[in-house]
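S.K.: Here it is: the structure, laid out below.
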Amino acid sequence: MDSNHNQFALPHKVYEEALKEIIKNNLNKSFDDYQIIYSSGSAKGDGYIGVICRIQVVDKETNENKLNLIVKLPPDSPTRRQELSIGKFFAQESNFYDNVYPMYKKFQEQKGIDVEKDGFHHVPFCFKTLTQEPREGLFFEDLKACGFEMFDRLKEVTKEHVFLVMKALAKLHALFYSIKNQHPELVEGYIGLKDPFTMLCDKENSSFNPWFDNLKDQTLEVVNKSENKDMVERINSLLNRQFGELLNTCFEREKTEPYATLCHGDCWNNNMLFKYDKDGTSSSLRLLDFQIIRHVSPVTDLMYYIFCCTKKSLRDKHYQEFLNVYYEELCSFIQRLGSDPEQLFPREAFESHLKKFGKFGLIMAMAVLPLFTSDVDDIPDMEELAEKIKRIGADEEVDKSAFNITTDKTYDRYAERMIGVCEDMYSLGYI
């Protein structure tokens, strides 16, 4: 095999064998007829659970690029695997591509829906999954080779970006609702599904508590400067508990049922790729990273994306429009799938869930805005982070400020976004 390894190479023979299988199944020539070009598939700050490799399969005779792949692999570090429960994240995402999405695609086809044209197709094609620990892996089509781009997290999204996300999430949620309504046995195994991240945070004396304490301190430093004393009091009261407990206030089944659905769970710009028209308008979307899918209120996906990925100025103009776009698409797609949206998720239930679980936008903003507003050079090294978490688990003293990635240079950027979220939470009655 001729290979140009560049900055990257597949770290184990099991991955090379999987690549050979993909080439054999998708191309007409022998594996030896191709040059394999490897490179890193992500920049610092693009992913936190896996290592991303980009592969180009080039015909030696014609020099044509015949196949473009993205491979997501687990980190080699045993500490990172253990402390971040890497295996569980890969198992969850493999389950989505091996079982959930094929079920969704088949159900749409049975309803006469052209999936690629106007159904839920907003995921990359997955060629193969590997689920055997510690050599898990996922092999995807390289969407960047198809013209999709990752949005710069430091830029401002437009309302058109948000509309695309709302419509894609609506279809994703509608599928679970409709299948549960018509074939409940198919989704029975996903009822009450928790994600690996929540389970990590939910442990008694979780090693993530010092990390959360630092995030809480950062948030309150911004909030406590506000002249709105009622808002300050409400947020201080809300945050007077551990992170896992806060998450569970938004995930409790008795509060979410019968309107829970299978949610993406990690809705932010780095887990999405956009394609643009010639005039620069975002026209197409793909969702990535289904590693923390969870069975909860659909509102949690909306709150995560809207409050963590948009600025207050955009929400001031279009927030209600974002919700309306989502709900109208949800109802329309449920009807096309043969069910009654008024029965599965009536508007009153949607509004009730916004009041009950809207605070999830604040909880996630507190957790992720320091990262989303940081410069690339300030993003933590995941190996170092895992070591800190390990030391905490061993009852060693770790200064919680070691988790602080907001610098003097980025503080104003972070503070503007954070106080904007808090003010909206308060004015909307979510806290």
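Residue-by-condition table, conditions (1) closer than 21 Å to ILE293 by Cα; (2) at pLDDT below 95:
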| residue | (1), (2) |
| --- | --- |
| PHE151 | no, yes |
| PHE163 | no, no |
| LYS167 | yes, no |
| LEU175 | yes, no |
| ILE179 | yes, no |
| GLN182 | no, no |
| GLY189 | yes, no |
| GLU204 | no, yes |
| VAL232 | no, no |
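S.K.: Can you confirm whether segment 40-49 contains a residue that is at pLDDT 95 or above, in a strand (DSSP E or B) and closer than 28 Å to PRO78 by Cα?
M.R.: No: zero hits.
S.K.: Would you kindly identify the helices (runs of 4 or more DSSP H) lying entirely within segment 160-230 that contain at least 1 residues that are assigned by TED's automatic domain parsing to the domain that holds VAL325 and without any contact (Cβ under 8 Å) to a residue 24 or more places away in the chain?
M.R.: The helices (runs of 4 or more DSSP H) meeting that bar are 184-187, 209-223.
S.K.: What pairs can you find where one residue is in segment 306-332 and more than 13 Å from GLY361 (Cβ to Cβ), the other is hydrophobic (A, V, I, L, M, F, W, C) and surrounded by fewer than 19 Cβ atoms within 10 Å (Cβ to Cβ), and their Cβ atoms are less than 7 Å apart, with a gap of 6+ or different chains?
M.R.: The qualifying pairs are VAL325/PHE163.
S.K.: Anything in segment 211-246 that is among the hydroxyl-bearing types (Ser, Thr, Tyr) and closer than 20 Å to THR406 by Cβ? List them, or say none.
M.R.: Hits for segment 211-246 are THR219, SER226.
S.K.: In segment 135-158, how many residues are closer than 26 Å to CYS308 by Cβ and not in a loop (DSSP other than H, G, I, E, B)?
M.R.: Adding up the residues that qualify gives 6.
S.K.: Looking only at segment 102-115, which residues are in contact (Cβ under 8 Å) with a residue 60 or more places away in the chain and in a helix (DSSP H, G or I)?
M.R.: Within segment 102-115, MET103, TYR104, PHE107, GLN108 qualify.
S.K.: Looking at segment 101-157, which of its residues are of a type in the set (Gly, Ala, Ser) and either closer than 30 Å to PRO78 by Cβ or surrounded by 13 or more Cβ atoms within 10 Å (Cβ to Cβ) (or both)?
M.R.: Across segment 101-157, the qualifying residues are GLY119, GLY137, ALA145.
S.K.: Taking segment 313-345, which residues are part of a loop (DSSP other than H, G, I, E, B) and surrounded by 15 or more Cβ atoms within 10 Å (Cβ to Cβ)?
M.R.: LEU337, SER339, PHE345
S.K.: Inspect segment 127-140 for any residue being modelled with pLDDT of 95 or more, out of contact with any helix residue (DSSP H, G or I) (no Cβ under 9 Å at 6 or more places or on another chain) and not assigned by TED's automatic domain parsing to the domain that holds HIS12 and give the result as yes or no.
M.R.: Taking every residue of segment 127-140 in turn, none turns out to be modelled with pLDDT of 95 or more, out of contact with any helix residue (DSSP H, G or I) (no Cβ under 9 Å at 6 or more places or on another chain) and not assigned by TED's automatic domain parsing to the domain that holds HIS12.
S.K.: Give the residue, chosen from LEU246, LEU215, LEU220, that is farther than 30 Å from ARG81 by Cβ and aliphatic (A, V, I, L, M).
M.R.: The conditions single out LEU220.
The values are calculated or read from the model by the stated rules, or taken from the named source; none is laboratory data. As the structure is a prediction and not an experimental result, all values here were calculated from the model. Note: ideal-geometry Cβ built from the backbone for every residue, glycine included; neighbour counts use all protein chains shown.
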